[in-house]
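Q: I have a structure I would like to understand better, so I am pasting it below and will then ask my questions one at a time.
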Amino acid sequence: MNILLLGSGGREHALAWKLAQSRLLAADGDKFFASPGNPGIAEHAECVALDIGDHKAVAAFCAENAIGLVVVGPEAPLVDGLADSLRSDGIAVFGPSKAAAQLEGSKGFTKDLCERANIPTAGYVRTPSLDQALAALDRFAAPYVLKADGLAAGKGVVIAETREAAEEALTDMFGGAFGEAGAEVVIEEFLTGEEASFFALTDGTAILPFGSAQDHKRVGEGDTGPNTGGMGAYSPAPVLSEELQARAMREIIEPTVATMRAEGMPYSGVLYAGLMLTECGPQLIEYNCRFGDPECQVLMSRLESDLGEIMLACAKGRLAECEARFADETALTVVMAAKGYPSTPEKGGAIDLDSAEANGAKVFHAGTALKEGKLVANGGRVLNVTARGANVTEAQAAAYAAVDAIAFPSGFYRRDIGWREVAREGEQESPA
Ligand code: AMP
Ligand code: GLY
């Protein structure tokens, strides 16, 4: 079968690497396309230029190339309804419809759904104007959690320590700091606990748990400095025990899928639940309608089942026939970013990956380009250096050994990815 993968980041390189191993692409003449792709993805797929915002053009490409499955990596085209346009032409798509992608596209939509379906999440109000938002602050205490309703490239959440800071942030949000995304703001209770990500695939009815991970959102070691898209991750997340995963399935994922179906917006694709593990159990912080980046890289590193077959079954409503097997080992990925990230990353820095994969590590390209045949940085997050080990401590050592073998002088990275779990593993080995 011919497959088209959309996207250009480390997440899509990991998906491309895994899809390239699928039986769906095993026959002579099977073609694998990616758009726009990147130099890492180009090792597995033929990269083509498509205007993803032009749904008709994407559908025409699919028709001309007899595409049997489209895999959509990022959220924006899903929230924009690309999956609906392709499905209306009879093309199988891995990714939710526009209506279902509101789970990521509108924080207020998701909070209202949680209320209707009795899903544990922080108490909240939706505020459509600055006046209402300022008045609503009376109902909350510091720290104030303020969220632009729409897609804001991961930057739409402000945690304000004081009432003054909250008022200032609300004024900015309604003043257009996040464009249209901030036309409505959700104010919610501050939850305390450890955060973890939980993934599930669903075709709208069947649900397949698809692993756990923990990300490191802050740019600096010890979880300090500004928020980023994620500086490193590992999977599984031992903090999300089997018991807690079962609870998250029962209390959060299953009612979400059932309610979306009952309300005529069946969700098809991957549901990525950001959870806060509170004293009262897992609570939903947010949903994403795509794989996490860089969480996807560690999930794919552990996945033993055929990703293409699972995604096709999901797209065709046959997910109940699938199982997902993951290696028991831990995978850990370190993000190498360009200096200046997350504000103004330096572009064009030289990268030498020659011996990085010598010991079994895998380097996914997140923001690279080829310039006169040489690999250079071309984005904020540039490389995702991924390795496996018996536990987080060993996977961490293997990943940093590969990082140390990479020459990227205009890059930087955190040296402590996995620190929480490494500390816990150390305690288990040498109890006081
Ligand atoms: P997001 O950009 O939506 O991933 O949110 C950024 C971060 O804000 C999350 O990863 C949490 O650390 C934090 N956050 C979001 N909602 C809450 C909440 N209700 N209570 C505490 N922290 C929160
Ligand atoms: N790594 C966080 C995200 O993909 O949203």
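The values are calculated or read from the model by the stated rules, or taken from the named source; none is laboratory data. These figures come from a predicted structure and were not determined experimentally. As a convention, Cβ positions derive from the backbone with ideal geometry for all residues, glycine included, and neighbour counts pool all protein chains shown. Only protein heavy atoms, including side chains, enter the accessible area calculation; ligands, DNA and RNA are left aside. Shrake-Rupley method; radii C 1.70, N 1.55, O 1.52, S 1.80 Å.
Q: Determine, yes or no, whether Thr192 is within 30 Å of Gly317 (Cα to Cα), of a type in the set (Ser, Thr, Tyr) and either over 20 Å from the mean Cα position of the chain (by Cα) or assigned to a helix (DSSP H, G or I) (or both). Walk me through it before giving the result.
A: Details: within 30 Å of Gly317 (Cα to Cα): no; of a type in the set (Ser, Thr, Tyr): yes; either over 20 Å from the mean Cα position of the chain (by Cα) or assigned to a helix (DSSP H, G or I) (or both): yes.
Taking the combined requirement at face value, the residue does not satisfy it.
Q: Quick one: would you say Ala358 is open to solvent by 10 Å² or more (accessible area, probe 1.4 Å) and under 18 Å from Arg218 (Cα atoms)?
A: Criteria not met by Ala358.
Q: Would you check which residues across segment 383-411 are under 18 Å from Asp293 (Cα atoms) and either outside any helix (DSSP H, G or I) or at pLDDT below 95 (or both) and list them?
A: Listed by number, the residues that qualify are Leu383, Asn384, Val385, Thr386, Ala387, Arg388.
Q: In segment 178-187, which residue that is touching a strand residue (DSSP E or B) at 6+ places or on another chain (Cβ under 8 Å) and open to solvent by 40 Å² or more (accessible area, probe 1.4 Å) is farthest from ligand 2 (Cβ to nearest atom)?
A: If we take residues in segment 178-187 being touching a strand residue (DSSP E or B) at 6+ places or on another chain (Cβ under 8 Å) and open to solvent by 40 Å² or more (accessible area, probe 1.4 Å), then Glu184 is farthest from ligand 2 (Cβ to nearest atom).
Q: With the condition kept exactly as written, say whether any residue in segment 297-312 is open to solvent by 30 Å² or more (accessible area, probe 1.4 Å) and under 22 Å from Gly229 (Cβ atoms).
A: No; the residues of segment 297-312 include none that is open to solvent by 30 Å² or more (accessible area, probe 1.4 Å) and under 22 Å from Gly229 (Cβ atoms).
Q: Please go through (1) within 15 Å of Cys289 (Cα to Cα); (2) touching a strand residue (DSSP E or B) at 6+ places or on another chain (Cβ under 9 Å); (3) open to solvent by 50 Å² or more (accessible area, probe 1.4 Å) for Ala76 and return the number of the only condition it doesn't satisfy.
A: (2) is the only condition that Ala76 fails.
Q: Pick out the one residue from Val145, Val185 that is touching a Leu at 6+ places or on another chain (Cβ under 7 Å) and within 14 Å of ligand 1 (Cβ to nearest atom).
A: The unique qualifying residue is Val185.
Q: Test each condition in (1) surrounded by 21 or more Cβ atoms within 10 Å (Cβ to Cβ); (2) in contact with a Phe, Trp or Tyr (Cβ under 8 Å, 6 or more places away or on another chain) for His365 and report the one that comes out false.
A: (2)
Q: How many of the residues making up segment 136-158 are within 16 Å of ligand 2 (Cβ to nearest atom), open to solvent by 40 Å² or more (accessible area, probe 1.4 Å) and hydrophobic (A, V, I, L, M, F, W, C)?
A: 3
Q: Would you say Leu137 is out of contact with any Asp or Glu (no Cβ under 9 Å at 6 or more places or on another chain), hydrophobic (A, V, I, L, M, F, W, C) and over 24 Å from Gly10 (Cα atoms)?
A: no
Q: Being among the hydroxyl-bearing types (Ser, Thr, Tyr), within 16 Å of ligand 1 (Cβ to nearest atom), closer than 15 Å to Ser212 by Cα and touching a Cys at 6+ places or on another chain (Cβ under 8 Å) is true for just one of Tyr272, Tyr287. Which residue is that?
A: Answer to the selection: Tyr272.
Q: Collect the residues in segment 188-238 that are touching a Pro at 6+ places or on another chain (Cβ under 9 Å), buried (at least 20 other Cβ atoms within 10 Å of the Cβ) and under 30 Å from Arg139 (Cβ atoms), keeping them in residue-number order.
A: Ala196, Phe198
Q: Here is a list: Ala117, Ala133. Which entry is under 14 Å from Thr171 (Cα atoms) and either open to solvent by less than 40 Å² (accessible area, probe 1.4 Å) or touching a helix residue (DSSP H, G or I) at 6+ places or on another chain (Cβ under 9 Å) (or both)?
A: Checking each option against the conditions leaves just Ala133.
Q: Something else about it: Within the group Glu295, Glu254, which residue is within 16 Å of ligand 2 (Cβ to nearest atom), modelled with pLDDT of 95 or more and of a type in the set (D, E, K, R)?
A: Glu295
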